[in-house]
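For reference, the structure discussed in these notes is given below.
The values are calculated or read from the model by the stated rules, or taken from the named source; none is laboratory data. A quick note: this is a predicted structure, and the numbers were derived from the prediction, not measured. All Cβ positions, glycine included, derive from the backbone under ideal geometry; neighbour counts span all protein chains shown.
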């Protein structure tokens, strides 16, 4: 039986792909290669014009975004990004000025994190499609995977949530470039990733597909559930404003939306205090939002508990 | 001043991109990362539906082709491919059967060379765009770069040339799927790459952009010229047939066309005999076609010598 990809959804598609191979590769976003006491970690992420480049955002910002979202997967593994490669498929009626803007943004992001461009590919295609390859390093001891969660580990998140969802909603509503710009202005949490690795985190994942999706993935991989306390979710002030202005659910904006690049991670209770102190020293905001417990995922909100079945943003769904 | 990419050409575009960065990365197709006594080498190559997937070729063959052309860049560096990642941007109206065929072909090629798929990305886009990342290993001593050519080194090529150009011409003429299939049936010259590295090659490049293009690149990087003897070019029997049938220049088919994945390499004269013996033992055809000499490139044909100014296939040209 043959079904259109749009009827299947991204994660099921990945399982279909996996079923074609006799071996199984890692569930993590980055692949690891032995390198002495370290792993070289390699990750790839693509964006294309219609799906990921909101009208109104400058090409320079898109270039920055393109590099940043690739570095985010290195951050989520506790690694330090070192190198970047860019495979660009570009329409032939694009002009050289636009290409230079794109490169400028990409270069700006890479410079910010001391990452060197070391190669790539340039091809012609119908739609602008940019594939990045981020290459980083992490000590074998310090690597953060998606598995490794122990019962009673505390679930934490960096930063504040919902800004991206708010920007998207406002951009859809108003079409104003201010919101398009906000959508692509992201920072990979590299410093935070290294810090939580140094202070005993047992797993990490970035929030590129949203909190509910990240939790559902961690839950599946670790065969463990999470109990999340809604009152402890750190919500971005812009999300609060937009929620009021557009009458949108704050919970949806903060938890059930992709495009955010904060890190969700677990840490043993006894290591939390020391981690928090050091995070504060380094200007990194960390919030304890739940605990690993049972086998299903629950959100406790206003005294009531309900099971989380949402999955955040998936590609290839209508 | 702003110009359309199609007015600029691929190699000039790469220079424009380079000019945006303060440092310069390698001219080789693969990037190298230190790994003890070895280098981990990483390369990326994209194909998209309209530009690189001839109508009539099965998706399974396209998948095989996609993996093979990425492995070819590892071969050209004398390396052994180990891992592969695939970032697939797919149209949502593609169906799951097609995706499975694509994966089957990709898996078939990877298995043939004992390469493991270790991850990737899956996104939605307007046109099918596949970006591969091949990761290999090569000893520091054995790495083959594009530079390293010494005066009087012998210029050699593996296999026989012109089959791909012939298939393309026939496919354009007849539209028959037999020729489309032939176009995407390529083999990366991994065994040959390792052998020439073991027996003293000083540089190598694959022929994906054609012989004239490869020579012009080697010449530029090494600031050296080549004197090529047309009578020594190993021409594929299919190219000879098609040249007659369609009245096309055999020289054009064999030397000025991309899509071929043989290796062009240089080796010191005194090492040639031993290399040839060992190539023969391993069933690898090697032909001596010229010599590194002077500063310009010349083709000697029928007793006359003319300067090579052709550049083979470039993306982003009309």
* Asked: Taking residue B:118, is it more than 18 Å from residue B:62 (Cα to Cα) and under 21 Å from the mean Cα position of the chain (by Cα)?
  -> no
* To do: Inspect all residues belonging to the range B:47-68 and state whether any of them is more than 7 Å from chain A (Cβ to nearest Cβ), in contact with a strand residue (DSSP E or B) (Cβ under 9 Å, 6 or more places away or on another chain), surrounded by fewer than 24 Cβ atoms within 10 Å (Cβ to Cβ) and in a strand (DSSP E or B).
  => yes
* Asked: Quick one: residue B:241 ticks every box in (1) assigned to a strand (DSSP E or B); (2) over 17 Å from the mean Cα position of the chain (by Cα); (3) within 18 Å of residue B:161 (Cα to Cα) bar one, so which box is it?
  -> (1)
* Asked: If a residue has to be modelled with pLDDT of 85 or more, at the interface with chain B (Cβ under 9 Å from one of its Cβ atoms) and surrounded by 15 or more Cβ atoms within 10 Å (Cβ to Cβ) to count, how many in the range A:26-45 make the cut?
  -> 10
* Structure fact -> Considering residues that are at pLDDT below 85, on the phi < 0 side of the Ramachandran plot and assigned to a loop (DSSP other than H, G, I, E, B), the number found within the range A:4-22 is 0
* **residue B:249 being under 30 Å from residue A:124 (Cα atoms) and without any contact (Cβ under 8 Å) to a residue 12 or more places away in the chain** => yes
* Return yes when residue B:187 is within 18 Å of residue B:28 (Cα to Cα), touching a residue at least 12 places away in the same chain (Cβ under 8 Å), assigned by TED's automatic domain parsing to the domain that holds residue B:159 and crowded, with 17+ Cβ neighbours inside 10 Å and no when it is not. => no
* To do: Could you tell me whether the range A:275-285 includes any residue that is assigned to a strand (DSSP E or B) and surrounded by fewer than 19 Cβ atoms within 10 Å (Cβ to Cβ)?
  => no
* Among the residues of the range A:208-226 satisfying the criterion of being modelled with pLDDT of 95 or more and assigned to a loop (DSSP other than H, G, I, E, B), which is nearest to residue A:160 (Cα to Cα)? -> A:225
* To do: Just give me the residues in the range A:139-155 being in a strand (DSSP E or B) and surrounded by 24 or more Cβ atoms within 10 Å (Cβ to Cβ), in sequence order.
  => A:155
* **Residue list for the range B:253-274, restricted to those being part of a helix (DSSP H, G or I) and surrounded by fewer than 17 Cβ atoms within 10 Å (Cβ to Cβ)** => B:269, B:270, B:271, B:273, B:274
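Here's the yes/no breakdown for (1) out of contact with any strand residue (DSSP E or B) (no Cβ under 6 Å at 6 or more places or on another chain); (2) under 20 Å from residue B:171 (Cβ atoms); (3) in the same structural domain as residue B:67 (by TED's automatic domain parsing):
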site	(1), (2), (3)
B:215	no, no, no
B:219	yes, no, no
B:238	yes, yes, no
B:254	no, yes, no
B:268	yes, no, no
B:286	no, no, no
B:298	no, no, no
* Taking the range B:213-225 only, how many residues are crowded, with 20+ Cβ neighbours inside 10 Å and farther than 19 Å from residue B:267 by Cβ? -> 2
* Go through the residues of the range A:90-112 one by one and say whether even a single one is surrounded by fewer than 21 Cβ atoms within 10 Å (Cβ to Cβ), more than 7 Å from chain B (Cβ to nearest Cβ) and touching a residue at least 40 places away in the same chain (Cβ under 8 Å). => yes
* To do: Answer with yes or no whether residue B:83 is surrounded by fewer than 24 Cβ atoms within 10 Å (Cβ to Cβ) and either in contact (Cβ under 8 Å) with a residue 60 or more places away in the chain or part of a loop (DSSP other than H, G, I, E, B) (or both).
  => no
* Considering each of B:72, B:26, B:19 in turn, give the residue that is over 20 Å from the mean Cα position of the chain (by Cα) and more than 25 Å from residue A:51 (Cβ to Cβ). => B:19
* Asked: Considering B:133, B:228, which residue is under 24 Å from residue B:10 (Cβ atoms), in contact (Cβ under 8 Å) with a residue 24 or more places away in the chain, outside the structural domain of residue B:64 (by TED's automatic domain parsing) and surrounded by 18 or more Cβ atoms within 10 Å (Cβ to Cβ)?
  -> B:228
* To do: Residue by residue through the range A:69-89, note down the ones that are within 11 Å of chain B (Cβ to nearest Cβ) and under 21 Å from residue A:181 (Cβ atoms).
  => A:69, A:70
